[in-house]
């Protein structure tokens, strides 16, 4: 009997996010299994079964809700009709209480670590995901830190979990040479943060740490990532109250093509997140040879290794001290560039894809 692998790509978005980048980057390595993609638009290198286009977070909460309904009620019918053998989902979603055999990927359990009042993600992570993981044949995750969280929060055996570190596009994120530096209008050297403005990203402490730099007026802090009406205005107000509003640049969403330019020209990426399942910006910065200041907790030491300055994200003074080290020590910056390029070279999508492929083969 033929073994039919389905890959659930119902969560893919037009603007790349971590999950979209992950899903897009690994399924090409599954060619030998001749999978069927459950996808909203044809990919002519694969068998495709076209599904609705409105199932993602680009449609807000209603998009998530539509996807869950589709997953529960439509997906099992597709699986049965096409005689599926295994469903691989790049997110921890699969039909419950059906005969659908699944392997799922968990990226983080941040909504359980940092719950938000009245957030729909709370019941999703407390009730739906544990049941999906319980029923799955096997669970993949993106770091040992996430594997430990799955064990601690849900009591799932480590034998059922395989951590597989993710990667980055080394052709895109690489050292660049510039005839002329592209700075802001003030042409000041800048530190860069890349990501959302969520509370666990720790931007309030980052702004306070920047204000503590000696001669801070000679530098800027650029915050690249989609603004959020819940949090961004408070961060802007904080910068004003600290007297550094002109030094903080809120860049909003930055296109994928612009990211290597921003990273290459930054003094350092400062990424003091309180918790990350993986942390793509750290790896992308290292791929550019840009020094990295990041947290000494969660998955971030797994990525940075000895190539970054690791700080306690709860200690503002440690973040400030690390930025001042970058400013004042040319030798350190040069050393970190060399170490970053060495560390990032250990990560590749081929390695991630092939490791994932080996797990899927076990359950087909």
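Scanning the range 220-248 for residues that are more than 21 Å from the chain's Cα centre (by Cα) and buried (at least 17 other Cβ atoms within 10 Å of the Cβ) yields 220, 221, 235, 238, 239, 244, 247, 248. Would you mind stating whether residue 325 is within 20 Å of the chain's Cα centre (by Cα) and surrounded by fewer than 17 Cβ atoms within 10 Å (Cβ to Cβ)? No: the conditions fail for residue 325.
The helices (runs of 4 or more DSSP H) found entirely in the range 241-324 that carry 2 or more residues being assigned by TED's automatic domain parsing to the domain that holds residue 194 and under 18 Å from residue 176 (Cβ atoms) are 259-265, 280-287.
Go through (1) assigned to a strand (DSSP E or B); (2) under 17 Å from residue 313 (Cβ atoms) for residue 222 and report which single condition fails. The number of the failed condition is (2). Listed conditions (1) free of Cβ contacts under 8 Å to residues at least 60 places away in the same chain; (2) within 23 Å of residue 298 (Cα to Cα); (3) buried (at least 21 other Cβ atoms within 10 Å of the Cβ); (4) in the same structural domain as residue 265 (by TED's automatic domain parsing) are all met by residue 204, apart from (3).
Scanning the range 167-180 turns up one or more residues that are over 24 Å from the mean Cα position of the chain (by Cα) and under 30 Å from residue 346 (Cβ atoms). Contact annotation: residue pairs with Cβ atoms under 8 Å, 6 or more positions apart or on different chains, pairing a residue in the range 342-364 that is in the same structural domain as residue 90 (by TED's automatic domain parsing) with a partner that is assigned to a helix (DSSP H, G or I) and surrounded by fewer than 16 Cβ atoms within 10 Å (Cβ to Cβ), are 353/28; 357/32.
Among the residues making up the range 280-317, those that are within 12 Å of the chain's Cα centre (by Cα) and farther than 19 Å from residue 174 by Cβ are 299, 300. When the range 1-31 is filtered for residues that are modelled with pLDDT under 85, assigned to a loop (DSSP other than H, G, I, E, B) and within 17 Å of the chain's Cα centre (by Cα), the ones remaining, listed by number, are 13, 14, 15, 16, 17.
Residue pairs whose Cβ atoms lie under 9 Å apart, separated by 6 or more positions or on different chains, with the first residue in the range 15-35 and assigned by TED's automatic domain parsing to the domain that holds residue 254 and over 13 Å from residue 353 (Cβ atoms) and the second at pLDDT 90 or above and buried (at least 18 other Cβ atoms within 10 Å of the Cβ), do not occur.
Within the range 1-31, restricting attention to residues that are more than 25 Å from residue 171 (Cβ to Cβ) and out of contact with any strand residue (DSSP E or B) (no Cβ under 7 Å at 6 or more places or on another chain), the residue that is surrounded by the most Cβ atoms within 10 Å (Cβ to Cβ) is 3. Go through the residues of the range 226-235 one by one and say whether even a single one is part of a loop (DSSP other than H, G, I, E, B), touching a strand residue (DSSP E or B) at 6+ places or on another chain (Cβ under 9 Å) and closer than 14 Å to residue 288 by Cβ. Among the residues of the range 226-235, not one is part of a loop (DSSP other than H, G, I, E, B), touching a strand residue (DSSP E or B) at 6+ places or on another chain (Cβ under 9 Å) and closer than 14 Å to residue 288 by Cβ, which makes the answer no.
Results for (1) exposed (fewer than 13 other Cβ atoms within 10 Å of the Cβ); (2) modelled with pLDDT under 95; (3) part of a strand (DSSP E or B); (4) not assigned by TED's automatic domain parsing to the domain that holds residue 282, shown as yes or no for each residue.
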{"site": "153", "(1), (2), (3), (4)": "no, no, no, yes"}
{"site": "156", "(1), (2), (3), (4)": "no, no, no, yes"}
{"site": "172", "(1), (2), (3), (4)": "no, no, no, yes"}
{"site": "175", "(1), (2), (3), (4)": "no, no, no, yes"}
{"site": "181", "(1), (2), (3), (4)": "yes, yes, no, yes"}
{"site": "184", "(1), (2), (3), (4)": "yes, yes, no, yes"}
{"site": "196", "(1), (2), (3), (4)": "no, yes, no, no"}
{"site": "200", "(1), (2), (3), (4)": "no, no, no, no"}
{"site": "208", "(1), (2), (3), (4)": "no, no, no, no"}
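Taking the numbered list (1) in contact (Cβ under 8 Å) with a residue 12 or more places away in the chain; (2) in the same structural domain as residue 68 (by TED's automatic domain parsing); (3) under 30 Å from residue 259 (Cβ atoms) in turn, residue 119 passes all entries but (1).
The values are calculated or read from the model by the stated rules, or taken from the named source; none is laboratory data. These numbers were taken from a predicted model, which means no experiment stands behind them. Here the Cβ is made from the backbone with ideal geometry for all residues, glycine too, and neighbour counts use every protein chain on show.
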